[in-house]
Amino acid sequence: MLVDSHCHLDYLPAGAARAEAIARARRAGVGAMLTIGTKISEFPAVRAIAEENPEVWCSVGIHPHEAAAEPDTSAEQLASLAGHPRVVGIGETGLDFYYEHSPRDRQVEVFRAHAAAARATGLPLIVHTRDADPETAALLVTEAAKGPLTGVIHCFSTGRELAEKAVEIGFYISLSGIVTFKNAEPLRAIARDLPLDRVLVETDAPYLAPVPMRGKQNEPAFIVHTAAEVAKLKGISVKELSDITTANFYRLFRKAMPAAARP
């Protein structure tokens with residue numbers, strides 16, 4: 001079984017198209033999916049997908065692109081929303097200094113609120129970072145010093161220093177279809193060195209379809225291609241990689257429950 005640790009099912013067309021994408025994922029051996037909240041204003045729709053599909057969990061959060069546009073949301077409000085049984089993570093949050101759709105100081109403020117909610121709830125923090133490695137590392141170190149904090153750098157595609165610092169403070173690293181791209185050898189070099197017990201795999205669907213599905217809309221079923229590449233990089237079988245990353249997912253997202261363990 002594989003787990004798609006980060007996707008955006010609410011970005012897929014509602015109704016039959018979304019249901020068929022989830023069914024294709026099941027047939028491909030994907031046993032669970034985590035669909036990610038990026039806007040508080042649209043969280044009810046994200047939550048509804050998880051409520052309607054037993055293999056889908058969700059998170060609650062505000063993407064850094066949306067930090068300025070979304071309503072002010074306190075750590076307490078995030079923690080309250082995270083009390084829902086299908087919510088297993090806080091985020092995605094983080095810093096994006098590439099597009100800068102929101103002012104940097106606002107991104108930092110929202111990031112800190114999410115970190116506080118993660119500490120309060122014990123749920124993992126789901127972190128997006130682009131062109132902000134030093135700032136992200138510094139914030140994570142500062143926030144982790146305030147109390148127990150777990151989480152994941154999702155869709156990792158940046159530098160070795162951030163990966164090493166994240167692992168050092170207890171975070172996981174999630175690899176997406178980017179690791180299959182022709183020009184991604186620096187990322188593959190980092191992936192080879194990551195501790196296997198800190199690796200997750202994801203699609204970030206509907207974005208970043210892996211080779212050999214480039215040009216198509218990404219979907220959770222395509223996680224098999226990313227898993228195959230990561231297994232090759234680590235020198236293990238796809239089954240071993242699947243078993244390890246699935247165990248890692250449930251170790252990190254402790255509120256999520258494998259189907260076999262449900263009453």
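The values are calculated or read from the model by the stated rules, or taken from the named source; none is laboratory data. Note that this is a predicted model, so its numbers are computed, not measured. Positions of Cβ are generated from backbone atoms using ideal geometry, with glycine treated the same way; all protein chains shown enter the neighbour counts. Accessible surface is based on the protein model in full, side chains and every heavy atom, while ligands, DNA and RNA are left aside. Shrake-Rupley method; radii C 1.70, N 1.55, O 1.52, S 1.80 Å.
Listed by chain and number, the lysines whose C-alpha is less than 23 Å from the C-alpha of K182, apart from same-chain residues fewer than 8 away, are K216, K232, K234. Straight-line cross-link partners of K146 among the lysines, defined as a Cα under 23 Å from its Cα and at least 8 positions apart when in the same chain: K165, K255.
Ordered by solvent-accessible area of protein heavy atoms (1.4 Å probe), largest first, the residues Y11, Y172 come out as Y11, Y172. Within the range 36-78, none of the GluC sites (Glu not before Pro) combine a DSSP coil assignment with at most 13 other C-beta atoms in a 10 angstrom radius. Normalising the average separation of contacting C-alpha pairs (under 8 angstrom, six or more residues apart) by the number of residues puts the relative contact order of the range 18-142 at 23 percent.
Taking all Cα pairs closer than 8 Å and separated by 6 or more residues, the relative contact order of the range 135-263 comes to 20 percent.
For the range 213-263, the fraction of alpha-carbon pairs lying more than 13 Å apart is 66 percent, rounded to a whole number. A Förster radius of 30 Å, combined with the Cβ-Cβ distance separating A138 from E185, puts the computed FRET efficiency at roughly 0.60. Against the criterion of solvent-accessible heavy-atom surface with a 1.4 angstrom probe, R254, R119, R192 sort, most first, into R254, R192, R119. Note that the range 199-250 presents 39 Å² accessible area per residue, ligands and nucleic acids not counted, probe 1.4 Å. When shorter helices are ignored and each DSSP H run of at least 4 residues is given -39500 (n - 2.57), the per-residue value for the chain at 222 nm works out to -12000 deg cm²/dmol. Restricting the range 81-161 to chymotrypsin sites (Phe, Trp or Tyr not before Pro) that sit in a DSSP loop and have at most 14 other Cβ atoms within 10 Å of their own Cβ leaves Y98, Y99. Note on E240 and A68: with the Förster distance fixed at 45 Å, the Cβ-Cβ geometry gives a FRET efficiency of about 0.55.
Projecting the Cα atoms of V238, G89, L139 onto the charge dipole of the chain (Cβ charges, centred on the Cα centre) puts V238 farthest toward the positive pole. Using the alpha carbons alone, the radius of gyration of the range 140-263 stands to its Kirkwood radius in an Rg to Rh ratio of 0.98. The alpha carbon convex hull volume per residue for the chain rounds to 117 Å³. Put a plus charge on the Cβ of each Lys and Arg, a minus charge on the Cβ of each Asp and Glu, and nothing anywhere else: the dipole of the chain about its Cα centre is then about 800 debye. Ligands, DNA and RNA left out, the 1.4 Å accessible surface of the chain is 55% carbon and sulfur atoms.
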